[in-house]
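Asker: Could you have a look at this structure, given as structure tokens, before my questions?
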């Protein structure tokens, strides 16, 4: 159901902090060395493993494919030059460790030309005949998708935030969904007509569009969670189903004469239910999950009035 290709943008320091945590988790104590640049310069790397990989982190604000390629290409060029030209300092840093891979870690990349450029820069490194470089040396571009196991582990304990793009729904996608799900949309119209403010203001169509937008945005978010963290997805789904069973019963016996109050109470209570077991999720993500559930329940009628 993914209706969005949005990519989350990171600030440079935010991205580097995320990657450093993932690298330390991946390699474990004693197998990874962070190389800080605040004192005595930057040598084109931000860390290395004892098995022979060096890492550089880079997050650009460019969204356009060409601009992103150019920014990432220039980053590789600049830092590979440092990797070559700072030979004396890097010999002291690496000791007897022989480097096989120089890896640029980015949030995303789109261009095959970037891979070609990386191969050319690897040839330059090999021609420099550096004492700390293996004969099978390569320059590689990667994203944090290579750390899915570590992301799953660290999000469970709240050490890092589960990463997902801010998902906005295109009007065309929402309109297509509205036209294809007549029975669910009809349920929304019936519910909207029972809410005095919506009915009196003639806001039924706006109500349907808003609710469907919440639902699709939440479904996209859950799809991403399931893709990268199925354990977290299962826990969220269990929490939703547990609350849904009670909500369906309460919809039969609710003493509140006002549908809007019943809806607001359900939203408030479910939000509280989610915040307890998922305290490591930021509030905006909790809101996405809450509105996805409320929208789903309104359309399928566990939330009835």
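Asker: Only one of (1) closer than 30 Å to residue 226 by Cα; (2) modelled with pLDDT under 95 fails for residue 23. Which number is that?
Answerer: Of (1) closer than 30 Å to residue 226 by Cα; (2) modelled with pLDDT under 95, only one is false for residue 23: (2).
Asker: Answer with yes or no whether residue 150 is touching a strand residue (DSSP E or B) at 6+ places or on another chain (Cβ under 6 Å) and either under 24 Å from residue 18 (Cα atoms) or crowded, with 19+ Cβ neighbours inside 10 Å (or both). Before the answer, list the steps.
Answerer: Values: touching a strand residue (DSSP E or B) at 6+ places or on another chain (Cβ under 6 Å): no; either under 24 Å from residue 18 (Cα atoms) or crowded, with 19+ Cβ neighbours inside 10 Å (or both): yes.
Against the criterion (touching a strand residue (DSSP E or B) at 6+ places or on another chain (Cβ under 6 Å) and either under 24 Å from residue 18 (Cα atoms) or crowded, with 19+ Cβ neighbours inside 10 Å (or both)), residue 150 does not qualify.
Asker: Just checking, which of 93, 98, 103, 21 is out of contact with any helix residue (DSSP H, G or I) (no Cβ under 7 Å at 6 or more places or on another chain) and more than 17 Å from residue 138 (Cα to Cα)?
Answerer: The unique qualifying residue is 93.
Asker: Related question: Are any residues in the stretch 124-146 closer than 16 Å to residue 94 by Cβ and either at pLDDT below 95 or assigned to a helix (DSSP H, G or I) (or both), and if so, which ones?
Answerer: 125
Asker: What's the number of the only condition in (1) touching a helix residue (DSSP H, G or I) at 6+ places or on another chain (Cβ under 9 Å); (2) not in a loop (DSSP other than H, G, I, E, B) that residue 159 fails to meet?
Answerer: Single failed check for residue 159: (2).
Asker: Quick one: residue 7 ticks every box in (1) modelled with pLDDT under 80; (2) in the same structural domain as residue 90 (by TED's automatic domain parsing) bar one, so which box is it?
Answerer: Here residue 7 clears every test but (2).
Asker: Then there's this: Condition test on residue 88, is it assigned to a loop (DSSP other than H, G, I, E, B) and either more than 17 Å from residue 122 (Cβ to Cβ) or in contact with a helix residue (DSSP H, G or I) (Cβ under 7 Å, 6 or more places away or on another chain) (or both)?
Answerer: no
Asker: Considering each of 281, 298 in turn, give the residue that is buried (at least 17 other Cβ atoms within 10 Å of the Cβ) and outside any helix (DSSP H, G or I).
Answerer: Details: 298 fails: outside any helix (DSSP H, G or I).
Within the list 281, 298, the selection yields 281.
Asker: Can we say residue 131 is surrounded by 17 or more Cβ atoms within 10 Å (Cβ to Cβ) and more than 14 Å from residue 80 (Cα to Cα)?
Answerer: Considered against the rule, which asks whether it is surrounded by 17 or more Cβ atoms within 10 Å (Cβ to Cβ) and more than 14 Å from residue 80 (Cα to Cα), residue 131 comes out as no.
The values are calculated or read from the model by the stated rules, or taken from the named source; none is laboratory data. Because the structure is a prediction, the values reported are computed rather than measured. Using ideal geometry, Cβ is built from the backbone for each residue, glycine included, and neighbour counts are taken over all protein chains shown.
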